[in-house]
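Visitor: One structure coming up, written as structure tokens, with questions to follow.
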Amino acid sequence: MNGAEVLIAGGGPAGLLAGITLAEGGMETVILERRRGDTLPVACAEAVSSRLLRRFGWPKDAPWVKAEVKEIQIIMPNGKGFYIPDEGVCLERREWERWLRSLFEEKGGKYRWGGRFLDATPEGEGWRVRTEEGEWRCRYLLGCDGARSRVAQILHRGKRRWLLAIQYKFPFNPFQDKALRFYLREELPGGYLYAFPRGDEVSVGVVASKGGRELRSSLRRFLEELGMTPSQRKEFVAGLIPHSILLPPGGRRYLLCGDAAGLIHPMTAAGIHLACYSGQMAARAILEAREKKDPDGLLPLRIYTKSLPLKAIRPHWYGSNIHLSYLPDRILGLVGECLEGKPFSAYPLKEFLHRRALWPWVPKLLLMKRRYYRSKEWTW
Ligand SMILES: Cc1cc2nc3c(=O)[nH]c(=O)nc-3n(C[C@H](O)[C@H](O)[C@H](O)COP(=O)(O)OP(=O)(O)OC[C@H]3O[C@@H](n4cnc5c(N)ncnc54)[C@H](O)[C@@H]3O)c2cc1C
């Protein structure tokens, strides 16, 4: 039987950041990745904020950066809208993950392709883990295996909900600027359509809690508006995005990170930043617990839970409809008119009050703004 101090199920951003931190801390760490290689396209629009780059000290001109992002535009059904002056980049995600893998392996970590995690049973002061690659023993187990986490399914009792996302990537870019565009529609409650220009390409997609067929037809209509057709695509991907946080994010000698714990931003559905951060924090919690007495195996969970920004990305938001996309098209249009060409921070209360139809919505609009700014660090 194989052995490691820490076994990480899932070698995406959360697993890689956890692995790098653990290997740096001198722990014998193995990442088990279900895929057999990295040739398939990643289901992701690959946009991350400058805040993430700064947090990890990564440069904006790294070889795995595809394009710069200068601002965010929010566009209402009537074409009016506002912008958020927030910078970042679009990644070449496969290249970025290759680079992270090389960092992990340089520090002594082992990355196993084709190592799908199947189940785990407690054994002594650790786990006996069954994978497609054989059996393993480990002291700590990290579930970094994405939105449909098998680790969470087996070890956690929390209820999970998801949004569906589908996306086309086109080998040309009809947009002149470097703005990520989000299009809000009443027909997509809790979600949005998006167009992310990335140099000589553009990713166009849709996210919502709806079925695949409905999303595909929304996306097809949207592409028509942009003067594009699905047949021009170079790539099509689909994936699930968690729409509920699992609390506590782990248990005795196991922790859940990134999408596996449902750690995405409740307004934007972005999860790369939180995946990297939570992976790093879970690893630090295990390293800290190693130095202390931990008879019940729960110390890493206590340290890890405290380190997560749970106040900023309040779990109860998910069901509370505090999201612009839950407003009717007519109201979205009026908000767009009031804010047309202005930054989101302007939020012109006077203009809102000039439009009688907006009166009942003003408290909700103010609450949305407050929540956005409170959680801004994690929006993407
Ligand atoms: C279409 C789409 C667009 C998106 N766009 C953005 C965006 O622009 N910006 C942003 O911040 N977020 C975006 N997201 C969300 C983002 O992709 C995720 O939040 C992020 O990838 C989470 O990282 P993770 O490491 O937790 O999980 P993942 O990236 O899903 O990695 C999990 C890994 O675990 C592996 N795995 C799964 N099951 C097992 C198993 N049983 N055993 C072993 N390995 C397993 C998987 O193969 C995968 O490699 C998007 C999501 C979708 C679907």
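The values are calculated or read from the model by the stated rules, or taken from the named source; none is laboratory data. Just so you know, these numbers come straight off a predicted model, no measurement behind them. Ideal geometry is used to build each Cβ from the backbone, glycine not excepted, and the neighbour counts take in all protein chains shown. Just the protein is used for accessible areas: all its heavy atoms, side chains included, with ligands, DNA and RNA removed. Shrake-Rupley method; radii C 1.70, N 1.55, O 1.52, S 1.80 Å.
Visitor: Any chance you could tell me what percent of the C-alpha pair distances in segment 196-345 go past 26 Å?
Guide: Counting pairs separated by more than 26 Å, the tail of P(r) holds 46 percent.
Visitor: Round to the nearest 10 and give me the degree value, 0 to 90, for the angle of helix 13-24's Cα axis relative to the longest principal axis of the chain.
Guide: Value to nearest ten degrees: 40.
Visitor: Grab every C-alpha pair in segment 330-380, bin the distances at 10 angstrom width from 0 up to the longest one, and report whole percents.
Guide: Result, from short to long distances: 24, 55, 20, 1 percent.
Visitor: What percentage of the solvent-accessible surface of segment 168-223, computed with a 1.4 Å probe over protein heavy atoms, is contributed by carbon and sulfur atoms?
Guide: On segment 168-223, the fraction of accessible area on carbon and sulfur atoms equals 48 percent.
Visitor: Distance from a point 7 Å along Cα→Cβ of Glu71 to each backbone N in segment 191-230: keep the residues under 17 Å and list them by number.
Guide: 195-197
Visitor: Pull out the extension gain between Arg36 and Asn173, defined as 0.36 nm times the separation in residues minus the alpha carbon to alpha carbon distance; nm, one decimal.
Guide: Separation in residues times 0.36 nm, less the Cα-Cα distance, equals 46.1 nm.
Visitor: Leaving out ligands and nucleic acids, and using a 1.4 Å probe, what accessible area per residue does the chain come to in Å²?
Guide: In whole numbers, the chain has 43 Å² accessible per residue.
Visitor: Let me ask another. Can you return the lysines within cross-link range of Lys234? Criterion is Cα-Cα under 17 Å, with same-chain partners fewer than 8 residues away left out.
Guide: Lys66, Lys169
Visitor: If you keep only loop residues by DSSP, which GluC sites (Glu not before Pro) in segment 272-380 have at most 10 other Cβ atoms within 10 Å of their Cβ? It would help to have the intermediate numbers written out before the result.
Guide: Numbers: sites: Glu288, Glu291, Glu337, Glu340, Glu351, Glu377; in loops: Glu291, Glu340.
Sparse-neighbourhood loop GluC sites (Glu not before Pro): Glu291.
Visitor: Moving on to the next point. What size of dipole, in debye to the nearest 20, comes out for the chain about its Cα centre when the only charges are +1 on Lys and Arg C-beta atoms and -1 on Asp and Glu C-beta atoms?
Guide: Once rounded to the nearest 20, the dipole reads 1080 debye.
Visitor: Across segment 142-157, in residue order, what do the Karplus-derived ³J(HN,Hα) couplings come to in whole Hz, using 6.51 cos²θ - 1.76 cosθ + 1.60 with θ = phi - 60° and x for Gly and Pro?
Guide: Rounded to whole hertz, the list is 10, x, 10, 9, x, 4, 9, 3, 6, 4, 5, 4, 7, 9, 10, 9.
Visitor: From the helices alone, meaning DSSP H stretches of at least four residues, give me the mean residue ellipticity at 222 nm for the chain, per-run term -39500 (n - 2.57), in deg cm²/dmol to the nearest 500.
Guide: Counting only the DSSP helices, I get -9000 deg cm²/dmol.
Visitor: Okay, moving on. Glu123 to Leu310: FRET efficiency via 1/(1 + (r/R0)^6), r the Cβ-Cβ distance, R0 25 Å, to the nearest 0.05?
Guide: Here the calculated transfer efficiency is 0.20.
Visitor: Counting other C-beta atoms within 10 Å, and keeping those with at most 14, which DSSP coil trypsin sites (Lys or Arg not before Pro) do you find in segment 256-292? Could you put the intermediate results ahead of the total?
Guide: Values: sites: Arg284, Arg290, Lys292; in loops: Lys292.
For trypsin sites (Lys or Arg not before Pro) across segment 256-292 that sit outside H, G, I, E and B with at most 14 neighbouring Cβ atoms in 10 Å, the list reads Lys292.
Visitor: Something else about it: Computed FRET efficiency, Cβ-Cβ of Ser102 and Val362, R0 45 Å: what is it to the nearest 0.05? Each step should come with its number before you reach the end.
Guide: Working: r = 52 Å, r/R0 = 1.15.
Working from the Cβ atoms, E equals 0.30.
Visitor: Okay, next question. From the convex hull of the Cα coordinates of the chain, what is the mean projected area in square nanometres? Please list the in-between numbers first.
Guide: Values: hull surface 73.7 nm².
Average projection, Cα convex hull of the chain: 18.4 nm².
Visitor: Taking a 28 Å limit on the Cα-Cα distance, which of the listed pairs Lys70/Lys210; Lys306/Lys376; Lys210/Lys350; Lys178/Lys342 fall beyond it?
Guide: Check vs 28 Å cut-off fails for Lys70/Lys210; Lys210/Lys350.
Visitor: Now, a different point. To the nearest 0.05, what FRET efficiency results for Glu291 and Met1 with a Förster distance of 41 Å applied to their C-beta separation? Show your work: numbers first, answer last.
Guide: Values: r = 27 Å, r/R0 = 0.67.
Approximately 0.90, to the nearest 0.05.
Visitor: Report the paramagnetic label zone for Lys234: residues of segment 191-225 whose backbone N is under 16 Å from a point 7 Å from Cα along the Cα-to-Cβ axis.
Guide: Under cut-off, by backbone N: 196-204.
Visitor: Obtain the nm distance between the two label points defined at Ser50 and Ala346 by a simple spin-label model: each point lies 7 Å from its Cα along the Cα-to-C-beta direction.
Guide: About 2.1 nm, to one decimal.
Visitor: Provide the per-residue ³J(HN,Hα) series for segment 44-53, in order, calculated from phi with Karplus coefficients 6.51, -1.76, 1.60 and θ = phi - 60°, each as a whole number of Hz, with x at glycine and proline positions.
Guide: 6, 8, 6, 9, 9, 7, 5, 4, 5, 4
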